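Values in this text are rule-based calculations from the coordinates and carry no lab data. Computed from a predicted model, the values in this text were never measured in an experiment. Here the Cβ is made from the backbone with ideal geometry for all residues, glycine too, and neighbour counts use every protein chain on show.
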Ligand SMILES: C[S@@+](CC[C@H](N)C(=O)[O-])C[C@H]1O[C@@H](n2cnc3c(N)ncnc32)[C@H](O)[C@@H]1O
């Protein structure tokens with residue numbers, strides 16, 4: 001097994017999380033009656049989607065697995081309200097990564113999961129949103145399966161659908177948007193590497209994950225490929241959480257909106273006519289309904 005020194009800097013036990021600590025395993029399964037803990041005899045890891053932030057958006061299966069877990073390995077976007085569903089005796093291991101971190105951190109996480117599973121522990125790998133949407137869940141599953149570990153993947157509500165519901169933005173709408181595309185604003189080398197001509201077509205909603213830092217570039221590329229500069233656009237920050245903010249404006253204002261409102265994320269950018277339906281608009285933003293297109 002390869003040793004990755006860098007991982008030790010980032011992986012730590014989160015003793016301060018609600019329900020954390022090493023005391024008696026006190027939380028009963030009463031919240032979700034009748035669920036059974038998975039057998040610990042074989043090496044098993046559940047890769048579980050935690051949803052966009054609001055703990056109420058966890059799936060029933062996610063809660064069952066959290067309550068039965070011996071160890072929860074969790075990401076940066078998984079909040080304390082979600083971790084509280086794990087039993088008090090469950091070990092919590094933080095492996096959050098930030099933009100620009102050493103890519104070898106992922107190797108360390110993969111190896112950690114294999115090691116824990118081989119110890120016979122009931123391992124929950126908890127990831128924000130859906131593990132298979134910009135979540136590297138596919139890579140982790142492949143690594144585990146190559147190592148002979150059985151994997152269960154539990155889907156979660158991805159940020160696009162969570163933020164859409166919360167901000168009042170339908171991602172598709174009859175007669176308005178017949179398709180939706182989820183893209184990342186963060187390419188392999190940091191720059192978004194996308195088929196701009198395809199994304200600029202009309203009748204379509206574009207949802208950009210991890211696009212804050214490149215909001216101006218993304219808007220410029222889309223406008224350069226024919227999308228109207230006045231196309232309604234929204235930024236949803238901390239979607240589904242009490243701190244949620246929804247900013248709406250024109251496509252050519254996206255960069256200014258990020259700077260003016262000091263949006264630091266996590267945030268999604270939604271571009272398309274569906275944004276006219278957003279139900280929350282900051283007072284100093286022009287209402288999306290008034291945008292000329
Ligand atoms: C590494 S991706 C993980 C996506 C996740 N697997 C999902 O399905 O939502 C992280 C990005 O998701 C978006 N995101 C996640 N949670 C969010 C939230 N509560 N509000 C807005 N955007 C969110 C942001 O663009 C953030 O930079």
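Under conditions of 37 °C and 0.692 mPa s, segment 58-106 yields 279 µm² s⁻¹ as its translational diffusion coefficient, taking Rh as the Kirkwood radius over Cα pairs in the Stokes-Einstein equation.
Model label sites at residue 264 and residue 197, defined 7 Å from Cα along the beta-carbon direction, differ in position by 4.1 nm.
Hydrodynamic analysis of segment 145-205 uses the Kirkwood radius over alpha carbon pairs. Inserted into Stokes-Einstein at 4 °C and 1.567 mPa s, it gives a translational diffusion coefficient of 89 µm²/s.
Remark: C-alpha extents of segment 160-290 on the principal axes read 34, 34, 24 Å, sorted largest to smallest. Each peptide in 221-229, 249-257 gets a packing score, the mean of other Cβ atoms within 10 Å over its residues, and the list from highest to lowest is 249-257, 221-229. With both residues required to sit in segment 160-290, DSSP beta bridges show an antiparallel share near 75%. Quick one: if you stick a label point 7 Å off each Cα along the C-beta vector at residue 216 and residue 256, how many nm between them? Result: 1.2 nm between the two label points.
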